[in-house]
Amino acid sequence: MFIETETTPNPATLKFLPGQQIMAAGSRDFTNDDEAAASPLAEGLFGLGDVSGVFFGRDFISVTAGEGTDWGALKPQVVAILLDHFISGAPLFNAPSAGFSVPAEDDEDLGDDPADADIVDQIKDLLETRIRPAVANDGGDVLYRGYREGIVYLKMQGACSGCPSSSATLKNGIESLIKYYVPEVTEVRAA
């Protein structure tokens with residue numbers, strides 16, 4: 001098995017591509033040891049001690065190194081854990097009977113006004129067809145959190161969370177695209 005590695009716009013994060021599907025649908029972001037306990041793979045990566053974030057996308061895993069960590073030393077350790085996991089056929093998540101559930105995408109939702117259903121559908125369609133695939137190329141994801149009074153609320157995950165250029169991506173890229181296709185949108189904000 002060969003695991004390809006790509007850099008991301010976030011210098012603290014590398015994207016690992018094992019050449020197979022990771023998540024059948026959605027994504028999962030782990031930002032600490034407690035969250036990582038739901039997944040043997042995430043738990044193993046956090047167990048390295050120098051990992052501050054793990055993100056599962058459709059066909060990639062993004063790993064964020066802690067502040068001051070040297071990727072030269074950490075990268076082979078991450079690759080070894082990934083190889084062991086995929087070669088062994090271990091499950092991505094612990095069984096629900098072990099006290100963990102396999103979550104879908106983060107459930108924080110600001111709620112939408114039913115009168116805005118058409119606008120929300122247009123926004124969600126843009127997210128699914130144009131924005132999320134582009135953000136996944138950089139090792140992250142963007143999740144819809146709500147629409148109120150012309151403002152779209154989104155949550156950045158994976159390599160995009162904490163990335164120095166995430167504000168520019170959100171404002172210059174995502175906001176411009178959504179405003180172009182959905183004129184009712186006046187602003188995009190991070191949730």
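The values are calculated or read from the model by the stated rules, or taken from the named source; none is laboratory data. Computed from a prediction, not measured in an experiment: that's the story for all the values here. No Cβ is skipped: glycine too gets one built from the backbone with ideal geometry, and neighbour counts run over all protein chains shown. Protein only, heavy atoms only, side chains kept; ligands, DNA and RNA dropped before computing areas. Shrake-Rupley method; radii C 1.70, N 1.55, O 1.52, S 1.80 Å.
When the helices of the chain are scored as -39500 (n - 2.57) per DSSP H run of n ≥ 4 and the total is divided over every residue, the value at 222 nm lands at -7500 deg cm²/dmol. Along the range 179-184 the Karplus relation, 6.51 cos²θ - 1.76 cosθ + 1.60 evaluated at θ = phi - 60°, assigns HN-Hα couplings of 4, 5, 8, 10, x, 5 Hz to successive residues, with x for each Gly and Pro. In order along the range 59-70, the Karplus-derived 3J(HN,Hα) couplings, from 6.51 cos²θ - 1.76 cosθ + 1.60 at θ = phi - 60°, round to 9, 8, 10, 9, 10, 9, 7, x, 4, x, 7, 8 Hz, and Gly and Pro are given as x. Counting only alpha carbon atoms, the long axis of helix 71-88 and the longest principal axis of the chain meet at about 80°. If you add up the charges near residue 69, with Lys and Arg at +1 and Asp and Glu at -1, over every other residue whose beta carbon is less than 12 angstrom from its beta carbon, what do you get? Residues close to residue 69 contribute a combined charge of -2.
Once backbone amide H atoms are built at 1.01 Å from N, residue 110 has 146 as its partners under 5 Å, excluding neighbours fewer than 5 places away on the same chain. If I take R0 = 41 Å and measure r between the Cβ atoms of residue 90 and residue 125 in this structure, what FRET efficiency does the formula 1/(1 + (r/R0)^6) give, to the nearest 0.05? The pair residue 90/residue 125 has a calculated efficiency of 0.70. Can you tell which of 80, 12, 134 shows the greatest fluctuation in a Gaussian network model of the chain with Cα springs below 10 Å? Result for the chain, Cα springs under 10 Å: 80 fluctuates most. Across the range 11-25, coupling constants 3J(HN,Hα) worked out from phi with the 6.51/-1.76/1.60 Karplus curve, θ = phi - 60°, read x, 8, 10, 10, 9, 10, 10, x, x, 8, 5, 9, 10, 5, 8 Hz, and Gly and Pro carry x.
Once all protein chains are placed together, residue 153 keeps about 40 Å² accessible to a 1.4 angstrom probe.
Each Lys or Arg adds one and each Asp or Glu takes one away; over the other residues whose Cβ falls under 10 Å from the Cβ of residue 190, this sums to +4. Summing charges over all other residues whose Cβ lies under 9 Å from the Cβ of residue 150, with Lys and Arg as +1 and Asp and Glu as -1, gives -2.
Rolled with a 1.4 Å probe across the full set of protein chains, the surface gives residue 118 an accessible area near 120 Å².
Principal-axis analysis of the Cα atoms of the chain puts helix 117-126 at an angle of about 40° to the longest axis.
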